[in-house]
Amino acid sequence: SKPTAPAVAGSLQDASRLDGAYSVAIQGKYALIAAAFASRVTVVDVSNPAFPVVTDSLQDTTLLNGTTSVAPAGGSLYAAGRYGSRLTVINAAAYAPTSLTRQIGGALASLWTTLGEMFALIFFALVR
């Protein structure tokens, strides 16, 4: 790879599971993609960059409505949704979404991962 001459190594198009792909986080061999229009978090195996493959996708039109960011921490994925004004925690065995475990309401502005811990900046509401 030459930083002075970047080139596309591979690509994946999926109109249903990546509709409105908004952000991506990398965890090991997985790309975790927030798909805002599809109300989904999609997991893509990128171990072979020439041929990325969707390994799992979780859709929930209420809890993942307008998901714009996703971040891994421990065995969970944290998804922030702008339309539902919420943070949703997804139980993710081996980073393949399997079930929603809890949700935290509030107008979420941004999400960070620092040293394996999640910090969420929440405006307009306090999490109780």
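Ordered from highest to lowest accessible area with the whole protein assembly present and a 1.4 Å probe, I26, I90 read as I26, I90. Residues whose amide H falls under 5 Å from that of T55, counting only those 5 or more places apart or on a different chain, are V43, V44, D45, with hydrogens built in the peptide plane. Sorting the segments 10-21, 38-49 by their residues' average number of neighbouring beta-carbon atoms within 10 angstrom, most packed first, yields 38-49, 10-21. A crude spin-label estimate for the pair V24 and N48, with each label 7 Å from Cα along the Cβ direction, gives 1.7 nm.
Accessible area per residue for the range 19-89 is 41 Å², calculated with a 1.4 Å probe on protein heavy atoms, without ligands, DNA or RNA.
The values are calculated or read from the model by the stated rules, or taken from the named source; none is laboratory data. Values in this document were obtained by computation on a predicted structure and should not be read as measured data. Every residue, glycine among them, receives a Cβ derived from its backbone with ideal geometry; neighbour counts consider all protein chains shown. Each accessible area value is taken on the protein alone, full model and side chains, heavy atoms only, with ligands, DNA and RNA left out. Shrake-Rupley method; radii C 1.70, N 1.55, O 1.52, S 1.80 Å.
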